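Inspection log for the structure reproduced underneath, given as structure tokens.
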Amino acid sequence: AALKDGLRSQVAAALKEGRVTPTELCQRCLALIKSTKFLNAYITVAEETALKQAEESEERHKRGQPLGVLDGIPVAVKDNFNTAGIETTCASNMLRGYISPYNATVVQKLLDQGAVLLGKTNLDEFAMGSGSTDGVFGPVRNPWSYSRQYKEKSVPKSHSEDKESNWVITGGSSGGSAAAVSSFTCFAALGSDTGGSTRNPAAHCGVVGLKPTYGLISRHGLIPLVNSMDVPGILTRCVDDAAVVLGSLAGHDPKDSTTIQEHFKPFELPNLTDVSKLSIGIPKEYHAPGLSSEILALWSKAADLFQNAGAKVVEVSLPHTRYSIVCYHVLCTAEVASNMARFDGLEYGHRSDMKESTESMYAATRREGFNDVVRGRILSGNYFLLKQNYEKYFVKAQKVRRLIADDFVKVFRSGVDILLTPTTLSDAVPYMEFIQEDNRTRSAQDDVLTQAANMAGLPAINVPTALSERGLPVGLQFIGRSFQEKQLLTVAKWFEKQVQFPMIQLEVVKRHDNGVFQHQKSASFS
């Protein structure tokens, strides 16, 4: 179906030739959102706005004047990006009902390209988590929990267990965006990536998750978690689509001083046929405690795939990786404590009815507005920033961060082009098992393979690779040199073509295929 097609060559071409209209495409996606409501992928569905945008796109296509490749393409945005006229909640009581007066730069760029914004996707509260289970609107369910592939492999003890507790998590914190793309309700979605929050759910939901180089895409309008690591992430069904969306979003933004000054030129990915000039690095430190034997075998198989195709595959060392998760925890909580100070009940968001004093109103507002996870991180961060602890924790963590970044520099200077690692320690776990451990413990485990790229500011991408023995997606991660997205995505595209990851088989999607759209094997829009 067109819902399963790619952006540039198929859906964009179908729109251009009039074989399908933006309104039909939008209506089909909205119908799917309604029928997959049980996934809880969306917090807000902007149906009226989306249909109006689709009608405007239809007029442009009739005139033969589309604004770009994304004109008429349905997209979704994680609910921590500001959207004018559409509620932005960060899945928190603190911002429930808040409507921003402006669009985040990335949202505005999508709209300027004619993209149709379907709605805002679910997440962990203020993007703090790795399961998309801790938001005030409830957990997101992984679409693969309802796939034929998973159902055939999982044997529930009872019918009630099948319905209530056998579903698996999406990963996080951009789980809503990953689920939205995976279940065909949109063609691309924005996530945010601070320590792996785009790549982790992409791996669990069987989609492509790109974290660009820090500074390549504007953070203006992304409600901050950790300013020095936050990057808007891109979730799509194939690597080509990620390149298309990147081309629309990347470049300097005068509203974000951390963005690159140079003009960014969008690129089309070449079809790589010869990998003999490539050097692929396998970091030995990524054989982390808790890595499943299944993922280890897949990682090894992927390395052999490159070697057999003629690439040079070398084991490399990133010696400070073992300190990275502790270092990340200190820096993350310290910046969280600073960023969350703005939510005081005075300017916007929730305000408590406590009227005894300004201080009591502050305290009550933050107690009512934030969940335990957010309050815990604020507490930790303020501890690390105390005068007597600042040098001992925060400054030391900054020094270790520099050593971690230098490790990557040394490896890339040695001639390695791309690093190949696992994205997650295992496939997605059932929700009931996931919530047995607290958020902080889970985040420390789940970010271990992804957060070092954020601390070094490097581009990284998850590519869905295979299905586990349980019929769930497993992905591998490619990490590239700074601002070398074209090389990274080209290699990822070659790998994607070799592994031929299977399409999710969802009964609910089949019911919506009524012959309006022709079936294609492609899972993308380009």
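The values are calculated or read from the model by the stated rules, or taken from the named source; none is laboratory data. Everything numeric here is computed off the predicted structure, so don't read it as measured data. Cβ sites come from the backbone with ideal geometry, for glycine too, and all protein chains shown count toward neighbours. For the accessible areas, the whole protein counts, side chains as well, though only heavy atoms, and no ligand, DNA or RNA atoms are used. Shrake-Rupley method; radii C 1.70, N 1.55, O 1.52, S 1.80 Å.
Please specify each residue of the range 72-107 satisfying the condition of being closer than 24 Å to N227 by Cβ, in a loop (DSSP other than H, G, I, E, B), open to solvent by 20 Å² or more (accessible area, probe 1.4 Å) and without any contact (Cβ under 8 Å) to a residue 60 or more places away in the chain.
Matches in the range 72-107: A84, P101.
Mind checking which residues of the range 43-71 are outside any helix (DSSP H, G or I), among the polar types (S, T, N, Q), open to solvent by 40 Å² or more (accessible area, probe 1.4 Å) and touching a strand residue (DSSP E or B) at 6+ places or on another chain (Cβ under 7 Å)?
Correct list: empty.
Return yes when T259 is hydroxyl-bearing (S, T, Y) and either in a strand (DSSP E or B) or under 23 Å from the mean Cα position of the chain (by Cα) (or both) and no when it is not.
yes
What's the total number of residues in the range 214-244 that are hydrophobic (A, V, I, L, M, F, W, C) and more than 16 Å from R199 (Cα to Cα)?
7
Can you confirm whether L346 is surrounded by fewer than 17 Cβ atoms within 10 Å (Cβ to Cβ) and assigned to a loop (DSSP other than H, G, I, E, B)?
yes
Could we say that Y383 is open to solvent by 80 Å² or more (accessible area, probe 1.4 Å) and under 18 Å from M229 (Cα atoms) here?
For Y383, the condition - open to solvent by 80 Å² or more (accessible area, probe 1.4 Å) and under 18 Å from M229 (Cα atoms) - is not met.
Please determine whether any residue of the range 476-495 is of a type in the set (D, E, K, R), under 20 Å from the mean Cα position of the chain (by Cα) and closer than 15 Å to A202 by Cα.
no
Is it true that V226 is open to solvent by less than 10 Å² (accessible area, probe 1.4 Å) and in a helix (DSSP H, G or I)?
So V226 does not fit the description; no.
Among the numbered criteria (1) open to solvent by less than 30 Å² (accessible area, probe 1.4 Å); (2) modelled with pLDDT under 95; (3) of a type in the set (A, V, I, L, M); (4) in a helix (DSSP H, G or I), which one does I325 miss?
It fails just one condition, (1).
Can you confirm whether the range 36-51 contains a residue that is closer than 23 Å to R367 by Cα and in contact with an Asp or Glu (Cβ under 6 Å, 6 or more places away or on another chain)?
Scanning the range 36-51 turns up at least one residue that is closer than 23 Å to R367 by Cα and in contact with an Asp or Glu (Cβ under 6 Å, 6 or more places away or on another chain).
Looking at (1) farther than 19 Å from I73 by Cβ; (2) surrounded by fewer than 23 Cβ atoms within 10 Å (Cβ to Cβ), which is the only condition G206 fails?
(2)
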